[in-house]
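As C-alpha cells, the structure follows; a few thoughts come after it.
The values are calculated or read from the model by the stated rules, or taken from the named source; none is laboratory data. Since this is a predicted model, take the numbers as computed values, not measurements. Reconstructed Cβ throughout: ideal geometry from the backbone, glycine too, with neighbour counts over all protein chains shown.
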Amino acid sequence: MEKYLKISPLKILEKSSHKELGKGNLGVLISRAGVGKTSCLIHVALDRLFRKGKIVHVSLKDTPEKVISYYNVICLDVFKSLDMEDEQEVRTFLDKNRIILAYLKESFELDRLSKNLKNLTEDINFKPDTLIIDGFDFEESDSNAFEEFKEMAKEFQIEIWFSALSHRHINKVNERGIPFPCSNFDDLFNLIIQLQPTQEGLFLKLLKDNEVKLTSDITVRLDPNNFFVIEQ
Amino acid sequence: MISDTKYLRNIGISAHIDSGKTTLTERILFYTKKIFAVHEVRGKDGVGAKMDSMELEKERGITISSAATYCEWNGYNINIIDTPGHVDFTIEVERALRVLDGSILVLCAVGGVQSQSITVDRQMNRNKVPRVAFINKCDRSGSDPYRVVDQLRKRLNHNAVLMQTPIGLEGNFSGVIDLIGMKAVYFEEPFGEKVKTEEIPPSLLDEAMNKREELLDAASMFSDKLMEAILEDSVTEELIHEAVRKGTISRELTPVFIGSAYKNIGIQPLLDSVINYLPSPVDIENKALDMDQEEKEVSLFSKPDAPLVALAFKLEVSPYGQLTYLRIYQGSIKKGDNLVNTRNKNKIKVGRLVRMHADEMEEISKANDGDIIALFGVDCFSGDTFTDGSINYAMTSMLVPEPVISLTISPKDSKSNNNVAKALNRFIREDPTFRSWVDEESGQTIISGMGELHLEIYVERMKREFGAEVETGIPQVAYREAISRMAEFNYVHKKQTGGAGQYGRVAGFMDPLDEGDYEFVNQIKGGVIPTEFVPAVDKGFKSCLKKGILIGYPVLKVRITVNDGQYHPVDSSEKAFTQAAVGAFKQAYLKAKPVILEPIMKVSVECPSEFQGNVMASINQRRGMITSSAEDGVFTTVEAEVPLAEMFGYATALRSLTQGKAEFTMEFSKYLKVPKSVEEELISKHKER
C-alpha cells in the first residue's frame, strides 16, 4: 500500500507546513468543470484509505452506484500501475473502510449529514477520519455554512475535503490570490488546492497553506490519464 | 378490437391490501361491458370478483396471481394486469410491472398512504411506470382525500395534483367535480352506469376554483402553450390534457382522481384518465438484450412488421391446460406462426391464441406489438423470450444465479405426496432461480432458491394451489470450500487381491484458481500416464469436488495440475487412475489449507430516512458491511453486503424495527471466506453429523 503514496496527488502536501489537512480542518480542491475534480477527490480519499484511515464519501450529485464505479475505475488504474498482487484483498480492505452517503434530489441538509455521521459512529462503530464532500454548491453558500462544517469537523474529529467549481469566465481572485467561488470564505479553509490544466500539462497548485504565507509556487504535475504524480 | 398500437393501454392496478383494488377492477370490467353484473370481493353471492381467479385470493379477499384481462373504452383497447397487493408476493408484482406501460395507484381515502402503498409505489418507481392515482372509498367514515394527496406528496415524493374535488364525503359522498371541465359529475342508475353532468353546486365553487388553479399551475410546468394560454386567459381542455399527459408520462406529475368503487362513483372519469394520460406502447422505449452481441442492450420498435420479440411473463394452470401469457414488444403473432424460444432455441407452433378475461377467454387470430395475449400448450419457463427466429434477442438476462439457500421438504400425507411433484414441476417452470431435487444419500426432497422468503412463498403456494402440505427442515446455506495455497500430491493406487490388479500413480499439485470453479491442467510428458487414462484422472478429481473434506460442501476455485505418474501395462485401468486421483486429492487437500466460503448477499433496504440508524445497526449486527446510503428527501436506501446465513428472519426483524415501513431486496453477490469463529462452528457441526 505504501507504493500508492508515491504516486498520490496528495504528495503535494509533503511540501505544505503540516503535511496533511488534519482533524477539525477544512480543505478544498478547486477547478473548472470537466478537469477531473471528482477523480482527484477520489485520490484524496484513496490517499487516506491507503494510510489505513476511514472515509465517508458524500455525494450531492451522483448515485452511490456511480460513485462506486468511479472508485473502481480509478482503483483499476492504481492496481495496474502498481502491479499489486493482492488486488482482491486490497479491494476488500478499501470497501470495508469507505462508506458512501448520497443526498439526491437536493435533499442535502447539514443536520441530516450530522445525524448520519452520528448513526455511523454510534450504530455501526464506523468512525471516519476524512469526509469527502463532492458537489457542494459554493456559489449558493455563505460563510455560515462552512462555519457549521468546521464545527462538525471538530465535533466528529474529522478532516473535510470539498470540491469547488470555478469558472473560466470569472477571473476574480481576492487579495490573497484565492479565486471565486472560494474567495469569500478562504479564511475558513486550512488548505486550498487548485487543479490546473495548462499547455505544459495538468498541475496541482497549493493556493493556501494554513497560516503560512506562500512565497513561491508549490505545485506537482499530474498524469492527465490517471492523476498520478509525475516525478519532475 | 382496435389494431393501432396508439389506441392501446397496458396498465396495472396497484395498491396495498384492502384498498378496494379488486372491486375497482370489477367495476371497470362492468362499465366496459366485459361483465354484466358486479359482485363483492368477499361476496355473499359466492361468485367473487372476476379478477380473483385463485382459491387463496377468493378466501382472503386479496389478489396474489396476476391474471390479465382486457376491455375497450371509448375506442381504446385496455389490457389490465391485476398486480398483487400483498407485500410478501413481490416476485409476482415485479414480473407484472415488467410488462406494464402505466398503472393506477389505488389509495384508501381513510387509510391513506400506508406502508404497503410505499412498497408498491417504490416498485413502480424502480420499473419507471407512469401512474395516475385513485383515492378510493371516499364514502367511508373518516375519508379525507385531501390528506391522502398531501401524503402522496410528502411520503411518496409525488408531484400529485387533484383532477377532481369531492361532492360531499363519507355518507354524503355523491359525485365529483371535474376541475378541467368545471362540472359536477354524478353517477346514476343502480350501478352508476349513467354519467350525468351538472353545474357545480355554489357552495363548492370556491374550493373547485382554488383546486383548478393548483392544477393549472402544476400542468403548465409541462407546456409552454398552456402557460401562455393561462396568461392570455384562453385555456382549453385539450391544452390541459396535453400538459397533464406529458407530465404523467415523464413521471413528473401524478394526476389524482377520487371516488368509491363500491358505491360506483368516479370510475368512468378514471377510465378516461387511463386513455388521456397513461402512455401507449409507442410512447415507451423498451430494450432487449442481443444474445449475439454478448447481451448488448438494443432498442425495440413498437411496429407490427418488425421481427417478433415477445416475453412470456406468466404461466398459469387453467382448466383448459397450461396458459402462457405473452407481452409482444415488437412484431406480431398469428395462428400457425413458428416461434423460437431464445433460451433453448426450441421452436413452437402457435396453436390457440387467446385474450384472457380472468378465468374466461376469447379466441383471436392475430396480435400485434404492444399487446398482451395468452398461448396454449407452450412448453416454456416464465421469463422466456420468443422471437420469429430472425433475431436472437432476450428480454431478460440468460444468466441465472445459482441458488444460495436450500430446505428439505417432506409431504405430510400421501395425497400431498402426489401433489408435491406437480407443484415443483410447475414452480421450476415459472421461476428459473427455484430448483428442486432428491438428495441421493438421504432420499429427501430439497428445494433451493434465492432467499428464505422466496422458499416460504413456494411452500405456501404448494399448500394453497396444489393441496400439498409439507413439513420443512431448517434452511441450509449453500456453503462452499476452497483451497488457499498450493499443495503437492504423489499418490499410488495399488490393489492386488486376486485376479486383475489395480495400479496407477498420479503426481502434481493443486493451487487456488482466480476465475472459474475448476481447471485441469495436463502436463504429463513422455506418456507416463497413457493418454487414454488422462480423462479418468480428471474424472477422479472432479468427483472429489462435489463434497469437500472440511464440511462436505462443494469445492470451488481449484486448479489441478498433473505433471507426473506411472502405469502398469497389465494392472492399470481407467478405474485405477480415477481411484488414484481421488487418493491424490485427499492427500493434498488438507495441506492446501482449505477454507469455507459463504454466500454474501447484496442487500438493499429502503426505509423512511428517520430509520436509517436502525437499519444500519441491524445490518451491522448481522456481520454486514454497509457500502452506501442514499437519501432522496423522504426515503433512504441503505446498500450493504451481508452473509446469507445472517439474513434468516430479517424480514420480520426489519418490520418491527421500522414499523413495517421498510422493505428489502437481496441478491447473490459473491462467495467470501467465513470468519475463523464461524469456520470452527461449522466444522464442529459437520463432525457431529
**Message:** Can you tell me which of (1) closer than 30 Å to B:GLU26 by Cβ; (2) in contact with a Phe, Trp or Tyr (Cβ under 8 Å, 6 or more places away or on another chain); (3) part of a loop (DSSP other than H, G, I, E, B) is the one B:GLY351 doesn't meet?
**Reply:** (1)
**Number of the exception - B:VAL638 against (1) over 24 Å from the mean Cα position of the chain (by Cα); (2) within 14 Å of chain A (Cβ to nearest Cβ); (3) buried (at least 16 other Cβ atoms within 10 Å of the Cβ)** = (1)
**Item:** All positions within the range A:71-118 that are in contact (Cβ under 8 Å) with a residue 24 or more places away in the chain, within 30 Å of A:SER143 (Cβ to Cβ) and more than 9 Å from every other protein chain (Cβ to nearest Cβ)
**Value:** A:LEU110, A:LEU113, A:SER114, A:LEU117
**Message:** Suppose we filter the range B:220-276 for residues that are surrounded by fewer than 23 Cβ atoms within 10 Å (Cβ to Cβ), charged (D, E, K, R), under 38 Å from the mean Cα position of the chain (by Cα) and modelled with pLDDT of 95 or more; how many remain?
**Reply:** 4
**Request:** Look at A:ASP47 and say whether it is charged (D, E, K, R) and surrounded by fewer than 19 Cβ atoms within 10 Å (Cβ to Cβ).
**Result:** no
**Message:** Would you confirm whether or not the range B:323-340 contains a residue that is assigned to a loop (DSSP other than H, G, I, E, B), modelled with pLDDT of 90 or more and in contact with a Gly (Cβ under 9 Å, 6 or more places away or on another chain)?
**Reply:** yes
**Asked** Of B:ILE409, B:ILE428, which residue is outside the structural domain of B:ASP369 (by TED's automatic domain parsing) and buried (at least 20 other Cβ atoms within 10 Å of the Cβ)?
**Response** B:ILE409
**Item:** Of residues in the range A:51-68 being at the interface with another protein chain (Cβ under 10 Å from one of its Cβ atoms) and in a helix (DSSP H, G or I), the one surrounded by the most Cβ atoms within 10 Å (Cβ to Cβ)
**Value:** A:VAL67
**Item:** Residue list for the range B:648-672, restricted to those being in a loop (DSSP other than H, G, I, E, B) and not β-branched (Val, Ile, Thr)
**Value:** B:PHE648, B:GLY649, B:GLN659, B:GLY660, B:LYS661, B:ALA662
**Request:** Please state which of the following conditions A:LEU131 fails to meet, knowing it meets all the rest: (1) in contact with a strand residue (DSSP E or B) (Cβ under 9 Å, 6 or more places away or on another chain); (2) exposed (fewer than 14 other Cβ atoms within 10 Å of the Cβ); (3) away from every other protein chain (no Cβ under 11 Å).
**Result:** (2)
**Message:** Could you check the range B:263-299 and list, in sequence order, the residues that are in a loop (DSSP other than H, G, I, E, B) and free of Cβ contacts under 8 Å to residues at least 40 places away in the same chain?
**Reply:** B:GLU285, B:GLU294
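Listed here are the residues, each with its yes/no results for (1) at pLDDT 95 or above; (2) touching a strand residue (DSSP E or B) at 6+ places or on another chain (Cβ under 8 Å); (3) not in a helix (DSSP H, G or I).
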residue: A:ASP111; (1), (2), (3): no, no, no
residue: A:GLU140; (1), (2), (3): no, no, yes
residue: A:ASN144; (1), (2), (3): no, no, no
residue: A:ASN171; (1), (2), (3): no, yes, yes
residue: A:GLU175; (1), (2), (3): no, no, yes
residue: A:CYS182; (1), (2), (3): no, yes, yes
**Asked** With respect to the numbered conditions (1) assigned to a loop (DSSP other than H, G, I, E, B); (2) under 21 Å from B:PRO475 (Cα atoms); (3) hydroxyl-bearing (Ser, Thr, Tyr), which one is the sole condition not fulfilled by B:SER410?
**Response** (1)
**Asked** What strands (runs of 3 or more DSSP E), lying completely within the range B:447-496, carry at least 1 residues that are surrounded by fewer than 16 Cβ atoms within 10 Å (Cβ to Cβ) and touching a residue at least 24 places away in the same chain (Cβ under 8 Å)?
**Response** B:470-472, B:487-495
**Given (1) among the hydroxyl-bearing types (Ser, Thr, Tyr); (2) modelled with pLDDT of 85 or more; (3) in a loop (DSSP other than H, G, I, E, B); (4) crowded, with 17+ Cβ neighbours inside 10 Å, number of the condition B:SER390 does not satisfy** = (4)
**Request:** Keeping to the range B:617-635, report how many residues are part of a loop (DSSP other than H, G, I, E, B) and at the interface with chain A (Cβ under 7 Å from one of its Cβ atoms).
**Result:** 2
**Asked** Would the range B:546-569 turn up any residue that is in contact with a helix residue (DSSP H, G or I) (Cβ under 8 Å, 6 or more places away or on another chain), buried (at least 18 other Cβ atoms within 10 Å of the Cβ) and part of a helix (DSSP H, G or I)?
**Response** no
